[in-house]
Amino acid sequence: MELSAVRDRFGVADEQVLRDHAISHVLAALSDGDVQDHLVFIGGTALSRTFLTELRLSEDIDLLATGPRAAVGAAIEDAVGRGLQRSHGTTSWQPSIASTRGSQSSVLVVGQDIRIRVQLLAAAGYPPWPTERRPLEQRYTDAPPATLTTPTAPAFAGWKTVTWMDRHTPRDLYDLWGLGRDGHIDAEAARLFRTHGPTAGDVQPWMFDRVPSTAERTVALGHQGRVEVGPGAARDAVRAWWRGAVAT
């Protein structure tokens, strides 16, 4: 019944809900003390479990390792294997997340049918965006509580804008629209972008000149929820929110 309610609320397929449900259990496992203190939870799924819980469902898991990457990866494998044994059974990694290098991802295989992309990156390669320890939205009552370190809301806004500049994906623009709609593109976000962004200056209108097509938006987001705004309108709104934040 609960899975059906989530499916109907977001307008997605059963497969997406089952992945999102498994992610809740993975996040609970990562909240284990042996690994929790060495992780920062970043990216779109982190947003969907903190500040934008109703925008879209989870797709994958992006993490920064604040300790030695291989050791943190091994701790992740152990925690997830133990944490999901009762709820989902056997898990495996393709390849082992402890063996990944650079930007390489691993696929966590849960049971027979669920696959979750997990990326573990070295925190040393990233600017020190501010973070905080936050309880996560778990969405399903059978999933244990989860608490992880994530960027603050203004840090998410600034960091997501850097990511948008790098790759211009519909997901990044949509997340920025959600952050702006909820008031998180503000003077503090503008200050953080000046401090940690790649230009050493303010967010500029030209950074939003490119707009994803409707087809690109549908492919990237259509399976994750009911998309509330078109790409052109999202771009115009985000550009305006940043203009206001910079002027504050």
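Pairs under 8 Å by beta carbon, first residue under 9 Å from Gly180 (Cβ atoms) in the stretch 230-247, partner among the polar types (S, T, N, Q), six or more apart or different chains?
These pairs meet every condition: Trp242/Thr161.
Return the residues of the stretch 80-104 that are closer than 23 Å to Gln16 by Cα and crowded, with 16+ Cβ neighbours inside 10 Å; say none if nothing qualifies.
Those that are closer than 23 Å to Gln16 by Cα and crowded, with 16+ Cβ neighbours inside 10 Å: Val80, Gly83, Leu84, Ser87, His88, Thr91, Trp93, Ile97.
Where the second residue is in a loop (DSSP other than H, G, I, E, B) and of a type in the set (Phe, Trp, Tyr) and the first is within 19 Å of Ser92 (Cα to Cα) and lies in the stretch 11-37, which pairs have Cβ atoms under 8 Å and are six or more apart or on separate chains?
That search, which allows pairs on different chains as well, returns His21/Tyr140; Ser24/Tyr140.
How many residues, within the stretch 101-122, are at pLDDT 95 or above and either touching a His at 6+ places or on another chain (Cβ under 9 Å) or in a strand (DSSP E or B) (or both)?
Within the stretch 101-122, residues that are at pLDDT 95 or above and either touching a His at 6+ places or on another chain (Cβ under 9 Å) or in a strand (DSSP E or B) (or both) number 15.
Restricting to the stretch 197-236, what's the tally of residues that are in a loop (DSSP other than H, G, I, E, B), crowded, with 16+ Cβ neighbours inside 10 Å and either touching a His at 6+ places or on another chain (Cβ under 6 Å) or at negative phi (or both)?
9
Inspect the stretch 130-150 for any residue being surrounded by fewer than 23 Cβ atoms within 10 Å (Cβ to Cβ) and closer than 17 Å to Arg239 by Cα and give the result as yes or no.
No; the residues of the stretch 130-150 include none that is surrounded by fewer than 23 Cβ atoms within 10 Å (Cβ to Cβ) and closer than 17 Å to Arg239 by Cα.
Please go through the stretch 124-140 and give me each residue that is modelled with pLDDT of 95 or more and either outside any strand (DSSP E or B) or of a type in the set (Gly, Ala, Ser) (or both), ordered by number.
Pro127, Pro128, Trp129, Pro130, Leu136, Glu137, Gln138, Arg139, Tyr140
Scanning the stretch 63-91 for residues that are hydroxyl-bearing (Ser, Thr, Tyr) and more than 22 Å from the chain's Cα centre (by Cα), which turns out nearest to Gln112 (Cα to Cα)?
Taking the candidates together, the pick is Thr90.
The values are calculated or read from the model by the stated rules, or taken from the named source; none is laboratory data. Keep in mind it's a predicted model, so treat the numbers as computed, not measured. No Cβ is skipped: glycine too gets one built from the backbone with ideal geometry, and neighbour counts run over all protein chains shown.
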